[in-house]
Structure formats: C-alpha cells, structure tokens
Amino acid sequence: MSLLCVGGRNIKENVTFSEVKILDNGQPRKINVSTLTRGFDTYYHLKGICTAFDISFAYVPAKKRVLMNKGVNSMRLTVGGEPKLKEFFVYYDKKYYLSAGGLNHVFAGLMKGTVATDKKSKMLMINYTAALKPKKAIKIKPGFEIKNNNIRTIALLKGEKFKVERIILDPGHGGKDPGAVGKNRLQEKEVTLDIALKTAELIRTKLRKEVILTRTTDEYVSLQERTAIADKHNGDLFVSIHINANIDREAEGTEVYIYDIAASDKKSGRIALRENFEFPGTGGIKSILGELGSTSNDNLSIMLAGNILDNIVNYVDVESRNKNMILRAPFYVLAHSAMPAVLLEIAFITNKDEEKKLREGDFRNSVAKAICFGLEDFIGATENPEKEELAPAADVQTKEHKKEGAKEE
Ligand SMILES: [Zn+2]
C-alpha cells in the first residue's frame, strides 16, 4: 500500500489514466492524462498537461524540481516548495499532480492564462493568450539529420545520460574592456576573473572535472574568440560570468540567463546589448544569432540555469532579482556556444551595497562555491536522469516560433 501526500496530509491514492475533457480557448478537446482523485477534488498529472499544451518539461529528481518553458517564458516549481500551491498539489509515485487551482498558477506564469473547472460537466476550462501558439516540434525520424548536441539532448530526454567532462568558464570582459564600473571604481573584469579562477579551482578539486577558462589574466578576448575556445576544447557546458549594471542605482540581485533570439523583456534585452557591445551598430546581431542552431540545448540550459540560480540564492548573500525566473536574452556568447550555456549576472556593480560585497573575498568565494554546487547538481541530475518524468523527444522545440511569442511581450 502506498500513501500520498496532499498539502502535508497522507491519504489513499486513486489514480487513473483517462480522457479528460477540456475547453482549450473555448474549443472542446479531449486529452489523455493521469488524474488522481481525492474526495471531490481532481488533480492532473502536470507533465501530461504540459505535453498536451506543448510546454517543454524537465524534472530534476535530486531537487524535486520541475522546469517548464513555453515561448519566452520559463517557470520552475519545487515539489512542495511553493506555499501558494500547498493545497493544490499532490506528489505521488514520483509524479507531480496539480488541481485546477495549481494549473491556474502554471498557465498564468507561462501563457498568461487561466484554468478553472466547470463543476457540472467536470470540464477543465483553459484560456490563454492566443499569440503563444504551440511551437513546432522537431520530429525525430530515421535519417533525420541531427548534430552532436541534439543527439545528446534527445538522449537525455529519453532518460539516457548526459556526460560532463569539460566545463568552460568565461570570465566576462578583460584588458581594454573593463565591463561595467561601480561608483567606487570597482571594475567588472576584475571581479569576473577572480570568481572564475576560484570556481575553476573548486571544479577541479571537488568535482574532478576538467575546466577551460576563456581567459586567465587581465587580457582582452573577443566574444568570437571566447566561443571558439569553448568549441575547440569540446566543452560540455559553458558558464559565462558577468556583473550587472543599471542606471537605477537601487537595482540589485542575481540574474541568470539562457540564450534566446528574443529577450524575455526590455530590461533583459538591454543587458544583452551591453554585454554584446563589441558589435555596436552592426544591426546584424539578430541575423548573426538567427543562423544558430543551439536550440536543442534549451532544456539542458534551463536545467543548468535553475541549478546555479538555486545555489546562488541559497549560499550567497544576494537576492534573486526575478523570483524563480530564468531569463532569456540574445547574448552573443550563449548563442554561439554549441553546448548548454548560461550567463550569470551575479550582482549589480552600480548598487553601492553590492559593489561593496563584490570587493570582498568571502563574497566571491561564496559565489564560486554556489556555481560549483549548481554544476554538481546538474551533473548529478543528468548523469542519473529519471526516465519517468523527463519530457519526450518530441518536445524538443525549434527556435523560430519564439519570435512570435516575443511580440507578445
Ligand atoms: Zn558583463
């Protein structure tokens, strides 16, 4: 006999895999999804709902963490970790079930939607912004031409292992390019290098993985050279380290980015423009980035971003600037890395308190530790993936349609 937990109370299970009637933006539709009933309440298997609505879904067993993304929106849920969802979730047999109220939270975050039930017809009524159309899925057919990294991502999504042997650390800026500068003259390039060197040391000694740095001294390395270094050394993961800046000196906190041709919001776009500064006024950034096929690393990048952000928030004396959100922006180094890649904006050098922290060795050590823990979590989750909860390969999505989603913002 097994028990399950609803908002902390144990009850007996009643799980069925069945047809669920929904009103999908007013259109009647039937989907097959596992449901769990408790009294008069019905809970829906979250992954099943995500599949039906073309929401990409990944599960990190070690953290009981669900990572979802739709268009330019990402969302992370920790099973049992959201006070808001306390009454709305059931975790049973390694599956995450949400009631209509819980799904309402997910659809609000990912698709500006609402979810309600019609008591009479027992129908789920799901409404969301129409512009966020389902994206085209890559169909995996025999003979389909896929690049190395696609194969790895697809393999992982099927429950196979993703092996990390070599990590590329990219300390932002350097030499003639100081990056952002604080009011008290602290330079981004110095902080990013120190944090990267500390992180590299931890990765080598604690994780026993190989590390390649795109620079180890105060030298200028172009953005192209950085990605060329990553590719030449066959990196498995790419982590770019930066320090944020804002004309608003109150701005503070950590941000973690993954690549997208379109920014999550205007602010993210501005940050990407600043970090891409080597290509000002070419008007070509978008077209350069548009040619790239790094899409298939999306899910892995989201996982990596989530793991690192979690650990920064847990171990570093800094707040998450965007609660639980992983941001997307067209950073050059992310676009051009043929591997799962994230860009960290650790804190704001333009904020007086954070500039002070960024000078401190202890603070920098804690950042290095957090990045290392994040990598460790990622490696743990991908080397021992849980087959059951990972999204099917058909959920690997193309980038094209994100442009449409972006207009939405
Ligand atoms: Zn920077």
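The values are calculated or read from the model by the stated rules, or taken from the named source; none is laboratory data. These figures come from a predicted structure and were not determined experimentally. Cβ atoms come from the backbone with ideal geometry, glycine included; neighbour counts cover every protein chain shown.
Give region 173-190 a look and list any residue that's assigned to a helix (DSSP H, G or I) and near the ligand (Cβ under 10 Å from one of its atoms), or say none. Steps first, answer last, please.
Of the residues in region 173-190, the ones assigned to a helix (DSSP H, G or I) are 188-190.
E188, K189 - these are the residues of region 173-190 that are assigned to a helix (DSSP H, G or I) and near the ligand (Cβ under 10 Å from one of its atoms).
Filtered by the rule that a residue be touching a residue at least 60 places away in the same chain (Cβ under 8 Å) and either aromatic (F, W, Y) or touching a Cys at 6+ places or on another chain (Cβ under 8 Å) (or both), region 34-79 gives Y44, F53, S56, F57, Y59.
Please count how many residues of region 260-273 are within 16 Å of the ligand (Cβ to nearest atom) and at pLDDT below 75. Explain how you work it out, then say what you get.
Restricting attention to region 260-273, the residues satisfying the condition of being within 16 Å of the ligand (Cβ to nearest atom) are 263, 267-273.
If we keep only those that are at pLDDT below 75 too, we end up with 263.
Looking only at that region, the number is 1.
Could you list, in sequence order, the residues of region 215-239 that are surrounded by fewer than 21 Cβ atoms within 10 Å (Cβ to Cβ) and either assigned to a helix (DSSP H, G or I) or hydrophobic (A, V, I, L, M, F, W, C) (or both)? Spell out the reasoning first.
So the first thing to find is which residues in region 215-239 are surrounded by fewer than 21 Cβ atoms within 10 Å (Cβ to Cβ), and the list is 216-222, 224-225, 228-229, 231-234.
V221, Q224, E225, A228, I229, D231, K232, listed by residue number.
Selection of first residues in region 165-182 that are under 19 Å from K198 (Cα atoms) and of second residues that are among the polar types (S, T, N, Q) and more than 14 Å from the ligand (Cβ to nearest atom), restricted to Cβ pairs under 8 Å at least 6 apart or on distinct chains, gives the following pairs, ordered by first then second residue: R166/N234; I168/S337; L169/T199; G174/T217. I'm trying to understand the selection: among the residues of region 314-341, which are of a type in the set (A, V, I, L, M) and either more than 14 Å from R76 (Cα to Cα) or modelled with pLDDT of 85 or more (or both)? Residues satisfying the conditions are V316, V318, A329, V333, L334, A335, A338, M339, A341. Scan region 77-110 for residues that are buried (at least 18 other Cβ atoms within 10 Å of the Cβ) and in contact with a Lys or Arg (Cβ under 6 Å, 6 or more places away or on another chain) and the total you get is 2. Of all residues assigned to region 206-222, at least one qualifies as being modelled with pLDDT under 95 and small (G, A, S).
Checking the structure you have, find out if any residue of region 352-373 is closer than 30 Å to G48 by Cβ and modelled with pLDDT under 95. Within region 352-373 (the criterion being closer than 30 Å to G48 by Cβ and modelled with pLDDT under 95), the answer is no, since none of the residues qualifies. Here S296 fulfils each of the conditions (1) among the small types (G, A, S); (2) at pLDDT below 70; (3) in contact with a helix residue (DSSP H, G or I) (Cβ under 7 Å, 6 or more places away or on another chain); (4) under 27 Å from P178 (Cα atoms) apart from (4).
Filtering region 330-351 down to residues that are more than 16 Å from L309 (Cα to Cα), within 14 Å of the ligand (Cβ to nearest atom) and hydrophobic (A, V, I, L, M, F, W, C), which residue is surrounded by the fewest Cβ atoms within 10 Å (Cβ to Cβ)? Working first, answer last.
First, pick out the residues of region 330-351 that are more than 16 Å from L309 (Cα to Cα): 330-339, 349-351.
With within 14 Å of the ligand (Cβ to nearest atom) added as a condition, the list becomes 331-334, 349-350.
Next cut, hydrophobic (A, V, I, L, M, F, W, C) only: 331, 333-334, 349.
Details: F331: 28, V333: 23, L334: 28, I349: 27.
Taking the candidates together, the pick is V333.
Where strands (runs of 3 or more DSSP E) sit wholly within region 30-119, those with at least 2 residues that are small (G, A, S) occupy 56-60.
With T199, T153 as the choices, which residue is at pLDDT 95 or above and either over 20 Å from S337 (Cα atoms) or not small (G, A, S) (or both)? It is T199.
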